[in-house]
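The structure under discussion appears below in the form of structure tokens.
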Amino acid sequence: MRDLWDGLSVGTQDILTAIALALPILIVGFVILRGFAPWPLIRALAARFRLPVVLFVLLVAVSVGTGLGLVAQERALRHGTAQAADKFDLVVAAPGSEITMLMAAVFLQPSDVPLVDGPTFAEVANARDVDLAAPLAFGDSADGAPVVGTIADFVTHLTDGGIEGRMWQETSEAVVGAASPFAIGDTIVPAHGIGDAVEEGAHGDLSYTVIGRMAPTGSPWDRAVLVPVEAVWEAHGLAPGHAPDSPTQLGPPFDPDYFPGTPAIVIRAENLAANYGLRAQFQGTGETMAFFPGAVLSQLYTIMGDVRQAMSVLSIVSQLLVAASVLVGLYLLGRLIRRQLALLRALGAPARFVFAVVWGFATSILVTGAILGIGVGYGAAAVLSRIVSERTDILVEAGIGWTEIHLAIGFASAASMAALIGAWGATRVGIVGALRG
Amino acid sequence: MGGEGLPLAIEDLEVRSTDGRVLLSVPRLELPAGGTLGIRGPSGAGKSTLLFALAGLQDRMTGRIRWGDTDLGALRSGPRTAFRALHVGIVFQDFLLFEELGPLANASLAAMYRPRAERPGIRDRARRLLRRFGVDEDGRTVPTLSGGERQRVAVARAMSGDAAILLADEPTANLDRDTGERLLADLLARVRENGTTLVAVSHDDRLLARMDRVVKIVDGQMVSAHA
């Protein structure tokens, strides 16, 4: 059985799960409604109580929608951050906190981190299987956007070669991210520091000319200004990375004796297995630490997973409360129409018909609410995504997936089963007593 | 289906309240198929209780109520409901219509729960009855109808199932004199035409005067029965 299930495609599993979740409502609906045509009456009741009915539907839609929105948002956030870290196979840095380094190197969050020195860089760059070893130099900013020094190959790697304009050829040229406010041809004057600690004019009359724009990466790098690493070193009065006999060289190889140090080295190996070898080689050497950003993110997701669990429980509890209050509200409405229900019985309608009217009425409200809830969830997730994307520059695109559809169906199914109790109660009312009002 | 009326035979009928008090006692009462019976008496005497008992709606009931070959007292609730659906039409004192449904939908209410095959017949009869009673069948909901129109819709509902038995609880009580007179004429003409057995609880002398037979109930006892 298990094997059979695992053998199905994910799409088939999703559809089957959705059907399984909907089965209670379908089976009960079929059994209860079979041979009856109660819908005109249900519509009439809905029209008579239109205000409470609309209110109940909205209540269900909002509670289901916020639950779905949060679940969708959380998944999109994980997806977005993983996507942003995708180009960072392996990072080597001076020993310290992996999370701090991850935030600095991948998400460009300013932080004070120790540097890797020239000989160590050379050792990393010259290690077997290393395809790309890019130094990063942080610390400057331009109009609040980080200015990052690196090498041309890394820019190419980050964008898969998608650059509008061209790559820099000298230290005064810059390539900007896709979402940067700077246009090709603009002149950028960098300030020392970033955020609150910024020091305008600290670099004298140093400026960059924008000569290229990167394709979108969906990461904070989209707002960054990328310049040759040599330019950053020069601006800070550090060694230029190369021996004095080659003053105009840009990019590797760097001369260890003239290498001022880098907070992080982003490495791409020739193959996946080599990544593990390199990590083992540079992890815990005393000089360096090496980590996979993806793996560090996974650890974070594990923590977020607990938060998600808590969120799910909260959202389920709130949905249960809403379902319960809607059912209580319907019970009160049912009291208002008990004479009419008794009338139906008196006219000869079977108890099952009264059951069908009451259950059909409640279930219509719950199902309509759940369907609208999917829409509300989509809207909530879209709004949240836009806010998160704007604040973090991490491209977060929340969509409604099968998980959300399963949740909505599950809610409608479970709540409609609870509505059976109310419907059963409605058939227990004494006919004569109710008729006499 | 019904059509031809069913004869009624009551023997030793007693209905008790929850605390065991006798609410109604009818030792013997008979009515031939197609006969009309008026029930009169002061308020609270047990007239409606008798009517509900005749419909098989009354709980805590002993004795026998036989409609033709069927003893309602011997039936469980399910078969009693089925008997009602098939053979009994009821007109209530205060109409009890579904406010958001139009006249035709109200009059053909039974089509919602009767078997599919019977639905067109119920709708047809309801339509014809409404036309005959002079009520516009569609376009309006109950709140816009006059009292007389509502009661005629209620009568059409009671008759749309082609029931052999018609039970009416104060059918003219909420109507002005002329409207009541017209409804009564419509109702009786239809009942005689079909040979329906009619039992009507009423204070209305005009109605009672046109019944084959009238019984009086006081304090739950049948005190007079004259043909």
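The values are calculated or read from the model by the stated rules, or taken from the named source; none is laboratory data. None of the values given here were measured: they were computed from a predicted structure. Note that we place each Cβ from the backbone using ideal geometry, even for glycine, and neighbour counts take in every protein chain shown.
Among the residues of the range A:385-431, those identified as surrounded by fewer than 18 Cβ atoms within 10 Å (Cβ to Cβ), more than 28 Å from A:SER325 (Cα to Cα) and not small (Gly, Ala, Ser) are A:ARG386, A:ILE387, A:GLU390, A:ARG391, A:THR392, A:GLU397. Across the range B:55-82, the number of residues qualifying as within 12 Å of chain A (Cβ to nearest Cβ) and buried (at least 21 other Cβ atoms within 10 Å of the Cβ) comes to 5. Return the only residue of A:VAL326, A:VAL266, A:VAL313 being in a helix (DSSP H, G or I), of a type in the set (Val, Ile, Thr) and either in contact with a helix residue (DSSP H, G or I) (Cβ under 9 Å, 6 or more places away or on another chain) or closer than 30 Å to B:ARG114 by Cα (or both). That would be A:VAL326, the only listed residue that is in a helix (DSSP H, G or I), of a type in the set (Val, Ile, Thr) and either in contact with a helix residue (DSSP H, G or I) (Cβ under 9 Å, 6 or more places away or on another chain) or closer than 30 Å to B:ARG114 by Cα (or both).
Every listed requirement among (1) surrounded by fewer than 24 Cβ atoms within 10 Å (Cβ to Cβ); (2) modelled with pLDDT of 90 or more is met by A:ARG339 save one, (2).
Against the condition within 14 Å of chain B (Cβ to nearest Cβ) and closer than 30 Å to B:GLY89 by Cα, how does A:ALA362 come out, does it pass?
So A:ALA362 fails the test.
The helices (runs of 4 or more DSSP H) falling completely within the range A:1-84 that include 1 or more residues that are over 24 Å from A:VAL313 (Cα atoms) and more than 14 Å from every other protein chain (Cβ to nearest Cβ) map to A:2-7, A:10-33, A:50-84. Given the criteria without any contact (Cβ under 8 Å) to a residue 40 or more places away in the chain and loosely packed, with under 15 Cβ neighbours inside 10 Å, does B:ARG206 qualify? Yes: the conditions hold for B:ARG206.
One residue alone among A:VAL189, A:VAL113, A:VAL198, A:VAL130 is within 29 Å of the chain's Cα centre (by Cα) and either more than 21 Å from A:ALA84 (Cα to Cα) or assigned by TED's automatic domain parsing to the domain that holds A:GLN283 (or both), and that residue is A:VAL113. Checked against the criterion of being acidic (Asp, Glu) and without any contact (Cβ under 8 Å) to a residue 24 or more places away in the chain, the candidates B:ASP219, B:ASP212, B:ASP178, B:ASP186 yield just one match: B:ASP178. Scanning the range A:225-263 for residues that are assigned to a loop (DSSP other than H, G, I, E, B) and of a type in the set (A, V, I, L, M), we see that the one that is modelled with the lowest pLDDT is A:ALA243.
Checking each residue in the range A:192-224 for being among the hydroxyl-bearing types (Ser, Thr, Tyr) and either surrounded by 15 or more Cβ atoms within 10 Å (Cβ to Cβ) or assigned to a strand (DSSP E or B) (or both) picks out A:TYR208, A:THR209, A:THR217, A:SER219.
Taking the range A:259-280 on its own, how many of its residues are in contact (Cβ under 8 Å) with a residue 12 or more places away in the chain and surrounded by fewer than 17 Cβ atoms within 10 Å (Cβ to Cβ)?
3
Can we say B:THR49 is in contact (Cβ under 8 Å) with a residue 12 or more places away in the chain, out of contact with any helix residue (DSSP H, G or I) (no Cβ under 6 Å at 6 or more places or on another chain), of a type in the set (S, T, N, Q) and away from every other protein chain (no Cβ under 14 Å)? So B:THR49 does not fit the description; no.
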